[in-house]
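Let me begin by presenting the structure, written as structure tokens, before commenting on it.
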Amino acid sequence: MKRFRTPRGTFFLFLAIGCVLLAYYLMNARIEKSKPEEYIPLTAVQEVLSRNLETNYPQTPKEVVKYYSEITQCFYNEEWTEEELYALAMQAQKLYDYELAANKTEEQYLQDLKSEIQMFKEKGYYISSYGTSSSTDVYDFVENGYQFSRLYCTYNIRVGTAMQPIEEIFLLRMDLEGHWKIYGWDLAKNHTQLQGGTP
């Protein structure tokens with residue numbers, strides 16, 4: 001004799017299937033949650049741009065020049081988008097003394113920077129490393145009521161298989177908020193300049 005499934009039996013069957021599916025979903029969700037998130041390392045450009053200068057400004061003249069040199073390496077060594085180049089340029093400007101920043105409009109600054117980067121890459125130059133003066137070689141002085149600091153930074157430029165050190169003198173001035181700002185820089189004496197410019 002053929003048996004027919006009652007509505008009540010059908011309800012319990014669907015309820016059982018639903019419970020099994022729910023348990024399967026919850027178990028999968030727990031497994032996915034327990035998996036470590038995939039770590040995607042930051043690029044050198046992203047790493048440099050992650051620094052918030054409003055809350056984490058370099059404390060000493062050496063730290064300012066070091067961070068500026070990190071930005072410089074990103075300009076000349078790394079691949080970047082136009083948006084990233086602009087962000088790097090604005091980050092560098094935040095390290096400049098207001099008088100240095102006032103020498104060029106933003107448009108002129110970006111145009112000159114792009115030309116310099118293009119020349120640098122066409123010549124096959126690469127900033128292999130850099131190093132700032134030791135603490136004993138940092139010279140602090142006061143002039144016209146302003147605190148200044150002078151130090152050296154050596155950039156090791158790779159040209160093909162050759163390495164050429166370029167030494168620059170940085171002059172920094174403390175602003176009204178107590179931040180050291182780059183007032184200017186120049187090629188140190190007895191050092192030849194790379195054709196077309198320096199970092």
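The values are calculated or read from the model by the stated rules, or taken from the named source; none is laboratory data. What you see is a predicted model, and the numbers here were worked out from it, not measured in a lab. Ideal geometry is used to build each Cβ from the backbone, glycine not excepted, and the neighbour counts take in all protein chains shown. What goes into the accessible areas is simple: the full protein's heavy atoms, side chains included, and nothing from ligands, DNA or RNA. Shrake-Rupley method; radii C 1.70, N 1.55, O 1.52, S 1.80 Å.
Numbers for the structure displayed
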quantity	calculated
Filter result for Tyr109 (buried (at least 17 other Cβ atoms within 10 Å of the Cβ), touching a residue at least 24 places away in the same chain (Cβ under 8 Å) and under 21 Å from the mean Cα position of the chain (by Cα))	no
Condition met for Tyr130 (open to solvent by 40 Å² or more (accessible area, probe 1.4 Å) and in contact with a helix residue (DSSP H, G or I) (Cβ under 6 Å, 6 or more places away or on another chain))	yes
Single condition Thr136 does not satisfy, out of (1) free of Cβ contacts under 8 Å to residues at least 12 places away in the same chain; (2) crowded, with 17+ Cβ neighbours inside 10 Å	(2)
The stretch 152-165: number of residues that are without any contact (Cβ under 8 Å) to a residue 40 or more places away in the chain, among the β-branched types (Val, Ile, Thr) and part of a strand (DSSP E or B)	2
From Ser149, Ser128, residue being over 25 Å from Ala87 (Cα atoms), in a strand (DSSP E or B) and among the small types (Gly, Ala, Ser)	Ser149
Sole exception among (1) farther than 17 Å from Gln59 by Cα; (2) modelled with pLDDT under 95; (3) over 22 Å from the mean Cα position of the chain (by Cα) for Tyr139, by number	(1)
Residue check for Glu168: of a type in the set (D, E, K, R), open to solvent by less than 50 Å² (accessible area, probe 1.4 Å) and part of a strand (DSSP E or B)	yes
First in the stretch 52-70 and over 14 Å from Thr154 (Cα atoms) and in a helix (DSSP H, G or I), second anywhere and at pLDDT below 95 and open to solvent by 20 Å² or more (accessible area, probe 1.4 Å), Cβ under 7 Å, 6 or more apart	Pro61/Val138
Condition check for Val48: under 14 Å from Ile182 (Cα atoms), among the hydrophobic types (A, V, I, L, M, F, W, C), touching a residue at least 24 places away in the same chain (Cβ under 8 Å) and part of a helix (DSSP H, G or I)	no
Hits in the stretch 50-100 - residues which are among the polar types (S, T, N, Q) and either open to solvent by less than 60 Å² (accessible area, probe 1.4 Å) or touching a Cys at 6+ places or on another chain (Cβ under 7 Å) (or both)	Thr60, Ser69, Thr72, Gln73, Asn77, Gln91, Gln93
